[in-house]
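To start, the structure under review is shown below, and the notes come after it.
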Amino acid sequence: MRSPCDFGTTNGVLGYDAYPSQDRASPAESVRNADQTMQNQTHFGFEQVAESDKAQRVAGVFDSVFRRYDLMNDLMSGGLHRLWKAFTIDRSGVREGSRVLDVAGGTGDLSLAFARRAGKSGRVWLTDINGAMLSHGRDRLADQGFFLPAAQCDAERLPFPAGYFDCVSVAFGLRNMTHKDRALAEMFRVLRPGGRLLVLEFSRVWKPLAPFYDFYSFKIIPRIGKLVTRDEASYRYLAESIHVHPDQEEMRAMMEQAGFENVEYFNLTMGVVALHRGFKF
Ligand SMILES: C[S@@+](CC[C@H](N)C(=O)[O-])C[C@H]1O[C@@H](n2cnc3c(N)ncnc32)[C@H](O)[C@@H]1O
């Protein structure tokens, strides 16, 4: 059996085309270009940015916070992220010998837990678009005796063959992606028939709790971020990006659109987070 490395290379650093210069365009072209530009806007938190800029803005966030990322997760969630991740592993069906892809795996929490389950005969790939997060994660796993293959790649263009993995996971990563539909389509492609996708992501909290949750995420989290990482803006982005991310039902519809079947979701901590699971048949 060939390994994914034989099939393609990692995507390396982001590179995006600039929009065509408006100066050289005719008036009609300028209007078309302006329309095109309007169509190619996306969210970066509450800001509207050109699609071509989002990935670099997101890279700036993780380049800034990667050293304190794990500490911040514990502080912000009061340790709950560990339970959310344990639940995800529990629903993964991963066992001895499984092949698992951790997309946007960052500092590697899920990869580590998958590797423990998949054992020596299994194969767990830690991947992320961000070199700093990825190398931090890879080193962290190595310190614990796990030497997993790691690839720096964009979830929207995965360098793996079709039908290769038993399980694909993406935890707190999809929200940051520019074209979530393309990323989901890629995750579908690399799964084998019968394989499953797990999407762990912030979602829509139970309505009566929303005012408290909003206060916490918009007022408290950025302050913790400022104290711990000296980067308030990145943690304001976190709160804003949660707010504009699709809710539970929209997320289910997106997964079905990408081809997943038997899609279901589990609300965790009253919908602060949801785990979506879907199968490729
Ligand atoms: C909030 S962290 C989550 C890390 C880890 N999965 C966890 O649960 O702790 C989000 C990660 O998504 C990565 N990411 C953002 N856009 C991506 C993309 N297009 N492809 C792959 N990874 C991406 C970021 O670099 C970052 O490491």
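Checking each residue in the stretch 128-149 for being away from the ligand (no atom under 12 Å from the Cβ), touching a helix residue (DSSP H, G or I) at 6+ places or on another chain (Cβ under 7 Å) and under 16 Å from Phe66 (Cβ atoms) picks out only Leu141. For the stretch 62-107, the tally of residues that are under 18 Å from the mean Cα position of the chain (by Cα), without any contact (Cβ under 8 Å) to a residue 40 or more places away in the chain and at positive phi stands at 0. Ala115 satisfies every condition listed in (1) within 12 Å of the ligand (Cβ to nearest atom); (2) assigned to a helix (DSSP H, G or I); (3) touching a residue at least 12 places away in the same chain (Cβ under 8 Å) except (1). Leu75 meets each of the listed conditions (1) over 20 Å from Arg138 (Cβ atoms); (2) within 12 Å of the ligand (Cβ to nearest atom); (3) surrounded by 15 or more Cβ atoms within 10 Å (Cβ to Cβ) apart from (2).
When only residues in the stretch 216-262 that are of a type in the set (Phe, Trp, Tyr) and part of a helix (DSSP H, G or I) count, which is nearest to Arg68 (Cα to Cα)? Restricting to residues being of a type in the set (Phe, Trp, Tyr) and part of a helix (DSSP H, G or I), the top hit is Tyr235. Of Leu134, Leu184, Leu158, all but one fail to be part of a helix (DSSP H, G or I), over 22 Å from Asp90 (Cα atoms) and either charged (D, E, K, R) or at pLDDT 95 or above (or both); the exception is Leu134.
Yes/no matrix, rows are residues, columns are (1) over 17 Å from Asn267 (Cα atoms); (2) among the polar types (S, T, N, Q); (3) more than 9 Å from the ligand (Cβ to nearest atom):
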{"residue": "Pro159", "(1), (2), (3)": "yes, no, yes"}
{"residue": "Gly173", "(1), (2), (3)": "yes, no, no"}
{"residue": "Ala185", "(1), (2), (3)": "yes, no, yes"}
{"residue": "Phe188", "(1), (2), (3)": "yes, no, yes"}
{"residue": "Pro193", "(1), (2), (3)": "yes, no, yes"}
{"residue": "Val205", "(1), (2), (3)": "no, no, yes"}
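Inspection of the stretch 137-147 finds a residue satisfying the criterion of being at positive phi and surrounded by fewer than 17 Cβ atoms within 10 Å (Cβ to Cβ).
Residue count for the stretch 92-129 satisfying the condition of being over 21 Å from Pro193 (Cβ atoms) and acidic (Asp, Glu): 2. Per the listing Ala25, Ala34, Ala18, the residue uniquely more than 12 Å from the ligand (Cβ to nearest atom), outside any loop (DSSP other than H, G, I, E, B) and modelled with pLDDT under 90 is Ala34. For the stretch 103-112, the candidate set comprises residues that are outside any helix (DSSP H, G or I) and near the ligand (Cβ under 7 Å from one of its atoms); within that set, the residue that is farthest from Pro159 (Cα to Cα) is Thr107.
Look at the stretch 264-281: where a residue is closer than 10 Å to Trp84 by Cα and a partner is modelled with pLDDT of 95 or more and among the hydroxyl-bearing types (Ser, Thr, Tyr), sitting 6+ places away or on another chain with Cβ atoms under 7 Å, you get Val273/Ser203; Ala274/Ser203; Ala274/Tyr265; Leu275/Thr88; Leu275/Tyr265.
The values are calculated or read from the model by the stated rules, or taken from the named source; none is laboratory data. The model shown is predicted, which means the values in this text are computed figures rather than measured ones. Don't worry about glycine lacking a Cβ; one is built from the backbone with ideal geometry, like all the others, and counts go over all protein chains shown.
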